Amino acid sequence: MQLIGSYCSFYDAALNNAKSLPSKKIIHDGNITLTNSELLDHIDSIASFLKDKGVRKGDKIAIVMGNSWQYIANIFAISKVGAVAVLINNFLKEDEIAYILNDSQSSMLFASGKFEKEVCNQPMKTDVKSIIWVDGVNRENYQNIDHNKILEAKAKTAEYIERTADELAVIIYTSGTTGKPKGAMLSFNNILSNVMSCVKHLDVKYGKIPMICYLPMFHAFTFTVSINLPIFYGSDLTIIRSIATKGDFANLLKQVLLKRIPYFVGVPDVYSAMAKASLPWYFHWFHNVKGFISGAAPLAEETMKNFKKSFKRGALLQGYGISECSPVVSVNLPKKNKIGSVGVPLPSYQVECFDEDMKQLPRGEVGEICVKGGNVMMGYYNRPKDTEEALVNGWFRTGDIGKVDEEDFIFILDRKKDLIISKGMNIYPREIEEVIYVNEKVNACAVVGLKDIEANETPIAYIELKEGETATDAEFKAFVKGHLAPFKQPRKFIFMDKLPRNATGKILKRELRDLLNNPA
């Protein structure tokens, strides 16, 4: 039954599940429950549509959707016809989405109706020929197609396109610190390696690792751990479409109890809220969670202390991942949890620190954290120079500064570059700065992150105006609003006569960060 190691595509997993356990309920999405057989039927219908529309092996098909069973079915159907899924952050604005569609050379787009405003004009800005609307859009023509009608057609014309597991399967765009986002190319083997290593590390058995998916599905962490891991290993997947309200949050905790979840995955904000919430006594007594795994952003020590006070059962375990590594690199374990570290590497992965010349450093010495293993990406899409800089002799240079101790525990000390992480979302300052520089009043600007007690960061913009110009915080907030996703918009604009610079004129962001995070 367990043919996991021989899978060559996402479709293989769904096909094997449907053959082995056709009646097993695999996905729960609100009032909708799908068996393995029903999920495969939907995947086959979508794949047949793609084939009939002329999609060929290697074509790029993008997704801008909210969490849903359709998101999963679409990806698995894309896999069946040999195409490549491009997962796009649904928080992005129209121009930001257009950039990724153009950069990835996507020819088709699956979209949720709630993102109509940001998506509907993409065929005029990109090479996207068709948009398949999953819900909520009352438009239908040769460019706009109703997803429900594809499912109702129940077509079965698509043959399975053979591919090797080392071929490109997914592109996930990751934020850097300069320029535009880069597309991390992940093979199916990259994802499979990460799933199998997670299972081995957590020591769970086939069919015994149900998951709750409530974090955004476009996120690499969610895609691998909350979606593929349970499906590959024959376990239930419960989808929570939102936790925006108290009712949503209560439903999330209810599902943790009902589904007997052994490992709960989240981001620091969720654990901070859980530590502060007055949860019912029976949740603490009857939950089955061995480990609450935190990823996507640093976990504040304050959060860990508060969580431990509130939760007597189930350890809060900090992990580490990066999109280019599919993404999980390391995680603590309930019986091997070193506070302050992000755990030990998953089985078969190597993590070491190197100096600027890529010379490996002795254990305990501080350097750039580098990763080697089956999870490391193929490279950046259409960016050979960036790929050459990031991948050196099989090692991926993470850009994070840290150390590895004698027991293999990894400690992240700082970021080599200027990346800002807000609630698990990566923000690269240069993109924000480029928007600000469009304003004719600006002579120079720099964006840095303001840390809060939960270890989240919020972008703050420092601006040096041209001589004779005046401006206000409110004016610049209005200026950037239409150009940047809400999570990228600076909370505050601070005006200075002169920004600090070095001898060559480079703005000293470290000084600005120190000024911001350590006010006198």
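Some observations on this one:
- Among residues of segment 412-453 being among the acidic types (D, E) and either at pLDDT 90 or above or more than 20 Å from the chain's Cα centre (by Cα) (or both), the one that is nearest to V342 (Cα to Cα) is D414.
- The listed residue being in contact with a helix residue (DSSP H, G or I) (Cβ under 6 Å, 6 or more places away or on another chain), of a type outside the set (S, T, Y) and surrounded by fewer than 17 Cβ atoms within 10 Å (Cβ to Cβ), out of I427, I453: I453
- Of all residues in segment 50-62 being crowded, with 19+ Cβ neighbours inside 10 Å and over 16 Å from N148 (Cα atoms), the one that is nearest to the chain's Cα centre (by Cα): A62
- Residues of segment 95-115 satisfying the condition of being more than 21 Å from A220 (Cα to Cα) and modelled with pLDDT under 95: D95, G113, K114
Yes/no per residue for (1) surrounded by 17 or more Cβ atoms within 10 Å (Cβ to Cβ); (2) more than 26 Å from M304 (Cβ to Cβ):
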{"residue": "L419", "(1), (2)": "yes, no"}
{"residue": "E431", "(1), (2)": "yes, yes"}
{"residue": "Y437", "(1), (2)": "no, yes"}
{"residue": "A444", "(1), (2)": "yes, yes"}
{"residue": "G449", "(1), (2)": "yes, no"}
{"residue": "E469", "(1), (2)": "no, yes"}
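- Spans of strands (runs of 3 or more DSSP E) in segment 367-477 with at least 3 residues under 16 Å from I507 (Cα atoms) and in contact with a strand residue (DSSP E or B) (Cβ under 9 Å, 6 or more places away or on another chain): 442-451, 457-465
- So I78, is it touching a residue at least 24 places away in the same chain (Cβ under 8 Å), touching a strand residue (DSSP E or B) at 6+ places or on another chain (Cβ under 8 Å) and closer than 23 Å to R139 by Cα: no
- Single residue of segment 489-507 satisfying the filter (modelled with pLDDT of 85 or more and in a loop (DSSP other than H, G, I, E, B)) that is nearest to the chain's Cα centre (by Cα): Q489
- Condition broken by I132, with the remaining ones in (1) farther than 18 Å from A98 by Cβ; (2) open to solvent by less than 10 Å² (accessible area, probe 1.4 Å) satisfied: (1)
- Residue in segment 398-408 that is in contact with a helix residue (DSSP H, G or I) (Cβ under 9 Å, 6 or more places away or on another chain), open to solvent by 30 Å² or more (accessible area, probe 1.4 Å) and more than 17 Å from L186 (Cα to Cα) present: no
- Sole exception among (1) on the phi > 0 side of the Ramachandran plot; (2) modelled with pLDDT of 95 or more for E38, by number: (1)
- Tally of residues being more than 17 Å from S242 (Cα to Cα) and either surrounded by fewer than 24 Cβ atoms within 10 Å (Cβ to Cβ) or of a type in the set (A, V, I, L, M) (or both) across segment 67-81: 5
- When A98, A85 are checked against the criterion of being within 19 Å of N382 (Cβ to Cβ), open to solvent by less than 30 Å² (accessible area, probe 1.4 Å), in contact (Cβ under 8 Å) with a residue 60 or more places away in the chain and not in a loop (DSSP other than H, G, I, E, B), a single residue qualifies: A85.
- Complete set of residues in segment 1-24 that are assigned to a loop (DSSP other than H, G, I, E, B), aliphatic (A, V, I, L, M) and modelled with pLDDT under 90: M1, L3
- Whichever residue in segment 28-63 is in a strand (DSSP E or B) and out of contact with any Ser or Thr (no Cβ under 7 Å at 6 or more places or on another chain) and, among such residues, is farthest from S235 (Cα to Cα): I63
- Any hit, segment 190-202, residues being among the β-branched types (V, I, T), more than 23 Å from V329 (Cβ to Cβ), modelled with pLDDT of 95 or more and surrounded by 18 or more Cβ atoms within 10 Å (Cβ to Cβ): no
- Looking across segment 21-56 at every residue that is of a type outside the set (D, E) and free of Cβ contacts under 8 Å to residues at least 12 places away in the same chain, the one that is nearest to K208 (Cα to Cα) is identified as T33.
- All of (1) under 28 Å from T174 (Cα atoms); (2) touching a strand residue (DSSP E or B) at 6+ places or on another chain (Cβ under 8 Å); (3) outside any strand (DSSP E or B); (4) not aromatic (F, W, Y) hold for K200 with one exception: (2).
- Test for S242: is it touching a residue at least 24 places away in the same chain (Cβ under 8 Å), closer than 21 Å to G30 by Cα and open to solvent by 40 Å² or more (accessible area, probe 1.4 Å): yes
- For segment 226-238, the criterion of a residue being under 13 Å from the mean Cα position of the chain (by Cα) and either of a type in the set (A, V, I, L, M, F, W, C) or not in a helix (DSSP H, G or I) (or both) is satisfied by at least one position.
- Residues of segment 147-168 satisfying the condition of being open to solvent by less than 60 Å² (accessible area, probe 1.4 Å) and within 27 Å of the chain's Cα centre (by Cα): H147, R163, A165, E167, L168
- Only residues that are assigned to a loop (DSSP other than H, G, I, E, B) and either polar (S, T, N, Q) or open to solvent by 40 Å² or more (accessible area, probe 1.4 Å) (or both) were counted across segment 348-357, and they come to 4.
- Test: V392 is open to solvent by less than 50 Å² (accessible area, probe 1.4 Å), in contact with a Phe, Trp or Tyr (Cβ under 7 Å, 6 or more places away or on another chain) and closer than 28 Å to A165 by Cβ: no
The values are calculated or read from the model by the stated rules, or taken from the named source; none is laboratory data. The structure displayed is predicted, hence computed values, not measured ones. Cβ sites come from the backbone with ideal geometry, for glycine too, and all protein chains shown count toward neighbours. What goes into the accessible areas is simple: the full protein's heavy atoms, side chains included, and nothing from ligands, DNA or RNA. Shrake-Rupley method; radii C 1.70, N 1.55, O 1.52, S 1.80 Å.
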